[in-house]
Amino acid sequence: MRTSDFDYVLPEERIAQTPAEPRDSSRLLVLDRHKPGVHIEHRKFRDLTEYLRPGDLMVFNRSRVIPARLYGTETRSGARVEILLIRRQAPGVWQALGRPGRRLRVGATVSLGRAGELGPAAHPGAPAHAEVLEAQDNGLRVIRLSDESALDGLGELPLPPYIKETPQDPERYQTVYADAPGSVAAPTAGLHFTDELLDALPRLGVATAWVTLHVGLDTFRPVRGEDIAEHKIHTEWYDLPQATADRLNAARREGRRIIAVGTTTVRTLEQAGRDAHQQGAKQITALTGDADLFIVPGHQYRLVDAMLTNFHLPRSTLLMLVSAFAGRERILAAYAAAVRREYRFYSFGDAMLII
C-alpha cells in the first residue's frame, strides 16, 4: 500500500480558519458504511442525536491542549528561537521540536519570553529558561524547563500551521469537557459538542465514558515515504480507566454500539482491544501506557462500531485510519463529495459520522 493511495485535492479556501459559532452549527456528513456504494447524508452537527440509539456508548477523549509553543533567545548568540513542546517525560523535562535547530545544540540555554518581546534581556533578573539536554533523531530535542508554571504565562496554544488566524477566545481550540492537560493539538472531533448536547445524551439513553490520549508528534509529521510500511508512528501517552473498561465490556457483552469521538479515542480503544487480543484476554482492563498502534487498511477493528471525526489531511495517518474503518475508496468518494458541497476541512472544519 502506497502513501499516494491516500491523496486527494483540496482547494485552499476549504481549509477552515475559524471555528463555527455556535459549536454545534458545523455541518455533519453522515457516511453509512453498511449500505452499498457511498451512502451519504448531509446534516448539521446538532442533528447527531437522530443517529444515536438507546444503549449506545459514546467514548470521549478528555485531553486538554497546553500552551506548548514557546519563544526565546539563545543566550550565547542572542538568536531568537521557537520551541514546541511535544511530550512531558518527567517533571520539567520535555521532548520538543525547535527551530532553528542549529541554535539548539546540547548545552544551549534559551531565555524564554513572549513573541515580540524577545531580546538578550527580555526578562531580566531570574527569567524562565530552557536547557537543551539531548539531541534526538528527526530534529527532536530533550529540554529541561526551569519553571513549568511559566508555561501559562509565556506559552501559546500550538495551532496547526494551516490555521493563519488565532481565535479571539483560546477556549475555542479546547473541547468543552477537556480537563486533562497534556496535548499539543486538540482532539478536534470533540470541538463540535456543546454542554447542551452532552446533557441530552443521558435523556436519549446514551451512556458516556472517558479516556485520555495526549496528542503528540504525528499530528505535525506527514507520511513522507511512499511505502506506508516504512513509516514510524510515534507513541502517544494514554489512560483508559477501569470505569471505562467496565462500560466497554458491558457494551460488548450486550451487543450495544461503541461510538468513538475522534481518532484519538479510536486509537486508544483499538490499542486496548489489540493488547487484550494478544494476551488472550476476553475483556478490556484498565490501561495506562504508550499507544503505538498504526491503523491502516487491513486492521481488524475490535471495539469501535462507529466514529465521529473531522476531515483529515491528504497522505496522513489519520486518513489511513478512517479508510481502514470504512474503506479507502468510500472515504475518498465521501471527501470528494464534501469538497463539492463546500464543507470546511481540518481542525476548525466540519465533522463526519461514520456508522
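Side notes on the structure shown:
- Residue that is farthest from ILE258 (Cα to Cα) [pool: residues in the stretch 196-245 that are among the polar types (S, T, N, Q) and over 19 Å from the mean Cα position of the chain (by Cα)]: GLN242
- Residues of the stretch 99-110 satisfying the condition of being open to solvent by 10 Å² or more (accessible area, probe 1.4 Å) and either part of a strand (DSSP E or B) or touching a strand residue (DSSP E or B) at 6+ places or on another chain (Cβ under 6 Å) (or both): ARG99, ARG103, VAL106, THR109
- Subset tally (residues that are touching a residue at least 24 places away in the same chain (Cβ under 8 Å) and either crowded, with 22+ Cβ neighbours inside 10 Å or farther than 17 Å from TYR346 by Cα (or both)) for the stretch 149-174: 8
- Qualifying residues in the stretch 327-336 (those that are buried (at least 20 other Cβ atoms within 10 Å of the Cβ) and aliphatic (A, V, I, L, M)) - the one nearest to ASP7 (Cα to Cα): ILE331
- Of all residues in the stretch 77-98, exactly one satisfies the criterion of being farther than 28 Å from TYR238 by Cα, in contact with an Asp or Glu (Cβ under 9 Å, 6 or more places away or on another chain) and open to solvent by 30 Å² or more (accessible area, probe 1.4 Å), namely ARG80.
- Considering THR288, THR264, the condition of being surrounded by fewer than 15 Cβ atoms within 10 Å (Cβ to Cβ), touching an Asp or Glu at 6+ places or on another chain (Cβ under 9 Å), within 16 Å of LEU213 (Cα to Cα) and β-branched (Val, Ile, Thr) is satisfied by THR288 alone.
- Residue match in the stretch 5-22 (condition: of a type in the set (Asp, Glu), in contact with a His (Cβ under 8 Å, 6 or more places away or on another chain), in a helix (DSSP H, G or I) and at pLDDT 95 or above): no
- Residue count for the stretch 242-261, restricted to those that are over 12 Å from PHE60 (Cα atoms) and open to solvent by less than 50 Å² (accessible area, probe 1.4 Å): 6
- For GLN89: the one exception among (1) in contact with a His (Cβ under 9 Å, 6 or more places away or on another chain); (2) part of a strand (DSSP E or B): (1)
- Residue ID - nearest to GLY216 (Cα to Cα), chosen from residues in the stretch 250-301 that are of a type in the set (D, E, K, R) and touching a Leu at 6+ places or on another chain (Cβ under 9 Å): ARG267
- Residues satisfying the stated conditions in the stretch 40-56, i.e. open to solvent by 60 Å² or more (accessible area, probe 1.4 Å) and in a strand (DSSP E or B): GLU41, HIS42, ARG43, LYS44
- Taking the criterion of being assigned to a strand (DSSP E or B) and modelled with pLDDT under 95, the only residue of the stretch 136-146 that qualifies is LEU140.
- Residues considered: SER316, SER323. Of these, the only one that is touching a residue at least 60 places away in the same chain (Cβ under 8 Å), in contact with a Pro (Cβ under 9 Å, 6 or more places away or on another chain) and within 23 Å of HIS34 (Cα to Cα) is SER323.
The values are calculated or read from the model by the stated rules, or taken from the named source; none is laboratory data. Keep in mind that this is a model prediction, so the values were computed, not measured. Heads up, the Cβs are rebuilt from the backbone with ideal geometry, glycines too, and the neighbour counts pull from every protein chain shown. Remember, those area values only see protein heavy atoms, side chains included, never the ligands or the DNA or RNA. Shrake-Rupley method; radii C 1.70, N 1.55, O 1.52, S 1.80 Å.
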